[in-house]
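Take a look at the structure below.
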Amino acid sequence: MSAFRRQPGFVAPPQAVRRLAAGLVFLLGLVCFGPIAFAQSFQSQAPFAVLLDSETGAVLYEKAADELMVPASMAKLATVLVAFQDITAGRLSLDSEISISENAWRKGGAPSGGSAMFAIINSRIKLSDILQGIIVQSGNDASIALAEAIAGDEPTFGRIMTERVRGLGLTKSVFRNATGMPDPQQRVTARELALLADHIIKTYPELYKIFGQREFTWNKIRQQNRNPLLTMDIGADGLKTGNIDESGFGLVGSAVQNGQRLIVVVNGIKTARDRATEARKLLEWGFRAFEKRQLFAAGETVGEASVYGGEKGRVGLRSKSTVSLLLPRGSTERLAARIIYRGPLTVPVQEGAEVARLVVTRGDIKTLDLPLYAAESVQAGTLQSRALDALLEATTGWVRKALSRS
């Protein structure tokens, strides 16, 4: 049985129906005039791709977004996440000194032939510099040294990385090392990389600024940031590239234009030039081809959920934040909105408890998926009302059981 499913008894309030209908009428009206469907005509050459609007959480484009792929150095986003979390929790500070072991130097430094900070063996480096070595220079030596400082060894750190992203609700990605070097079990999805990037941007705005740094010099070796988007005039300020034989060329990027932030993920591309081109095309298309429409204000009732054994048979559902969508200009794609939850809800229902989700799809794309909360508390009802609910549940429960097996 899935964690959530559609409740047949869902009833949307009149204003919600009108709001969603208005959006649909708007789209259908354009169809009558023969619009140019920008959203349908756009195609990325990347085998894996996601374009995410940071404010609304809307997915503007996706391609194999939930299929597992090799992250290469894009895995370092999870490495950095662990460090950022430990800094915020007080377990580390930017002045903490990180030792460069022989293992970190030999496996990830100058002798390795890969991307390196070129840290000196047995030296001690402040975490502020280690982070620049990881983010700007993609240093494998810096990544391994950080992993050893936090967890003692890389395999243990890989488990910590996986646990930390699970705490963010990322259920598919698995990390086995701090560098993104080849490992048959280390896999991520494009969607989860985008969500991880979004979390880092929103949660650690000061530390995130390192991602926009154009260059960093260590051990008298100056290296340019490997993110090609930073040199383009598109408002880019992060995040991370990746490339090994198993992955092809990949990139997690973000840019801001006119107050709107988009996050792009591409992977599996054949060349570095094509990687830069595809990422830029997606970002520019996203900024150009969509318009924002508000569906519900923060705290406005979105719909209702059935309640079993309560003093009331239904409870209103609200979002804590404004519910907005980015809709393609001139798109002919159909919007569909659903409220899904495990139901009926059982008493007591506490006001403000997360009890459902609002999912909006545009064609085959799940463009919005956000939590809904109980608008009020519902306590247990009278013995008579509970008996009636029990009878109703007995007669309809077999239907839900049948659906859960399908």
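The values are calculated or read from the model by the stated rules, or taken from the named source; none is laboratory data. It should be emphasised that the depicted structure is a prediction, and the values quoted were computed from it without experimental measurement. As a convention, Cβ positions derive from the backbone with ideal geometry for all residues, glycine included, and neighbour counts pool all protein chains shown. Just the protein is used for accessible areas: all its heavy atoms, side chains included, with ligands, DNA and RNA removed. Shrake-Rupley method; radii C 1.70, N 1.55, O 1.52, S 1.80 Å.
Computed over segment 151-292, the convex hull of the alpha-carbon atoms projects to a mean area of 10.1 nm².
What is the gain in length, in nm to one decimal, between residue 85 and residue 257 on full extension, counting 0.36 nm per residue of separation less the C-alpha to C-alpha distance? Gain on stretching residue 85 to residue 257: 59.1 nm.
As a fraction of the 1.4 Å probe accessible area of segment 37-120, surface on carbon and sulfur atoms comes out at 51 percent. When each of the peptides 142-150, 88-96 is scored by the mean number of other C-beta atoms lying within 10 Å of its residues, the order from highest to lowest reads 142-150, 88-96.
Peptides 286-293, 235-242, 162-169 ordered by packing proxy, namely the average of other Cβ atoms within 10 Å per residue, highest first: 235-242, 286-293, 162-169. Projecting the Cα positions of 167, 146, 132 onto the charge dipole of segment 131-201 (unit charges on Cβ atoms of Lys, Arg, Asp and Glu, taken about the Cα centre) puts 167 furthest along the positive direction. If you split all Cα-Cα distances of segment 122-201 into 10 Å bins from zero, what percentages do you get per bin, shortest first? Values per bin, smallest distances first: 18, 47, 32, 3. Projected onto the charge dipole of segment 272-346 (+1 at Lys/Arg Cβ, -1 at Asp/Glu Cβ, origin at the Cα centre), which of 340, 326, 306 gives the Cα projection farthest towards the positive end? Selected residue: 326. The orientation-averaged projected area of the convex hull spanned by the Cα atoms of segment 156-211 comes to 4.1 nm².
Please list, by residue number, everything in segment 93-127 whose backbone N is under 20 Å from a paramagnetic label point 7 Å out along Cα→Cβ of residue 163. Output list for this probe position: 93.
Rounded to the nearest 0.05, what FRET efficiency is calculated for residue 312 and residue 122 with R0 set to 60 Å and r the Cβ-Cβ distance?
Values: r = 68 Å, r/R0 = 1.14.
The calculated FRET efficiency here is 0.30.
What share of Cα pairs, in percent, lie more than 21 angstrom apart in segment 69-196? Each step should come with its number before you reach the end.
Values: 2588 of 8128 pairs.
Of the Cα pairs, 32 percent sit more than 21 Å apart.
With viscosity set to 1.002 mPa s and temperature to 20 °C, compute the Stokes-Einstein D of segment 267-384, Rh being the Kirkwood radius across alpha carbon pairs; µm²/s, no decimals. Mind dumping the intermediate values first?
Numbers: Rh = 16.8 Å.
D = 127 µm²/s.
Remark: segment 237-321 projects, on average over all directions, an area of 9.5 nm² (convex hull of Cα atoms).
Pairs of C-alpha atoms in segment 196-259 farther apart than 16 Å represent 54 percent of all such pairs.
Protection proxy ranking for 76-87, 362-373, using the average of other Cβ atoms within 10 Å per residue and placing the highest first: 76-87, 362-373. The modelled label-to-label distance for the pair residue 301/residue 338, using points 7 Å beyond Cα in the direction of Cβ, is 2.4 nm.
Per residue, how large is the accessible surface of segment 31-162? Use a 1.4 angstrom probe and give square angstrom.
Values: 4990 Å² over 132 residues.
With the other protein chains kept in place, segment 31-162 gives 38 Å² per residue.
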